[in-house]
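Input: a single structure, listed below in structure tokens.
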Amino acid sequence: MSVPTLDCDLGNTRVKWRFGDSQGEGPFEDRTCFHLLGVSRVRLASVVSPELTAAWERRCQAAWPGVIIETPVVEALPNGLTPIYKKPETMGIDRWLGLAAIWEPGHSICVISCGTATTIDFVDASGQHVGGYIAPGIHLARQALGTHTAKVRSSSTSLFDARLSPGRDTQTCVEHALRLSQVGLIKEAVYRFESQHGDAGLLHLTGGNAGWLAGLVDRPTKVHRNLVLDGLKRVLP
């Protein structure tokens, strides 16, 4: 008999949760999920500080006294998926869960998380995590450009066309360059992986910027709502 389980993903900018057919997301202060009834177990993935993680755990214990809280770790899985890090505990659990959610024996994969940071990770057909890339996401890059330049900035988050052609005013120059840098990074990363390991297959994207990025990388993609929550079910069944 399955235990009623709440899955939580504590990210840098949002908290996402899933309980059976119910799911939601919001800022850390949002308490919607704590009104759920019948939660006996919490699977918790967190990339926020230990203090914020502990605060979330206390909320869980207050909402559902006696609740079991489980947190995943980065380690080799029974299906053969193996981290490449010499110190696996230093790899972001969100990245690892994204890989765990997708990888199946005999298939290479590429998982791209498009949020606060843009992360790209590869696993070969044997299950070996080959490594990856971590870069600022588009919002961080826009913020950095605006902070460190006097006149080169953009206040728009949607001013771009799908061709990403050279901009004809400062805002469009910025917005197209920000997107082109993300697209170029993904294409080059995939090219380098495939030159050594063969076809990466479908590109799996998740995160707030996944929708528009998927349409610009010029190859088959699949956008996932939340791979971290999907990965929790595999790592902590």
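The values are calculated or read from the model by the stated rules, or taken from the named source; none is laboratory data. In this text, all values refer to a predicted model and were calculated from it rather than measured experimentally. All Cβ positions, even for glycine, are placed from backbone atoms using ideal geometry, and neighbour counts span all protein chains on display. Remember, those area values only see protein heavy atoms, side chains included, never the ligands or the DNA or RNA. Shrake-Rupley method; radii C 1.70, N 1.55, O 1.52, S 1.80 Å.
Of the GluC sites (Glu not before Pro) in the range 52-143, the ones in a loop by DSSP (not H, G, I, E or B) with at most 15 other beta carbons within 10 Å are E75. Take every pair of alpha-carbon atoms less than 8 Å apart whose residues are at least six positions apart; their mean separation over the length of the range 1-118 yields a relative contact order of 20 percent. Taking all Cα pairs closer than 8 Å and separated by 6 or more residues, the relative contact order of the chain comes to 18 percent. By the helix-only formula, in which each DSSP H run with n ≥ 4 contributes -39500 (n - 2.57) and the sum is divided by residues, the chain has a 222 nm mean residue ellipticity of -10500 deg cm²/dmol. Of all aspartates and glutamates in the structure, the ones whose alpha carbon falls short of 18 Å from that of K187, not counting any fewer than 8 places away in one chain, are D121, D124, D199, D218.
Quick check: convex hull of the Cα atoms in the chain, volume per residue, rounded to a whole Å³? Kindly include the intermediate steps, with their values, before the conclusion.
Working: hull volume 35.1 nm³, N = 237.
In the chain, the Cα hull volume divided by residue count equals 148 Å³.
Averaged per residue, what accessible area in Å² does the range 57-112 show with a 1.4 Å probe, protein chains only? It would help to have the intermediate numbers written out before the result.
Working: 2860 Å² over 56 residues.
Spelled out: the 1.4 Å probe surface of the range 57-112, per residue, equals 51 Å².
Take peptides 101-114, 210-223 and line them up by average Cβ neighbours within 10 Å, highest first, as a rough protection proxy.
On the way: 101-114: 20.7, 210-223: 14.9.
In decreasing order of mean packing, 101-114, 210-223 become 101-114, 210-223.
Where the accessible area of the chain is counted over protein heavy atoms with a 1.4 Å probe, how much of it, in %, is carbon and sulfur? List each step's numbers first, then the result.
Details: 6720 of 12340 Å².
Roughly 54 percent, rounded to a whole number.
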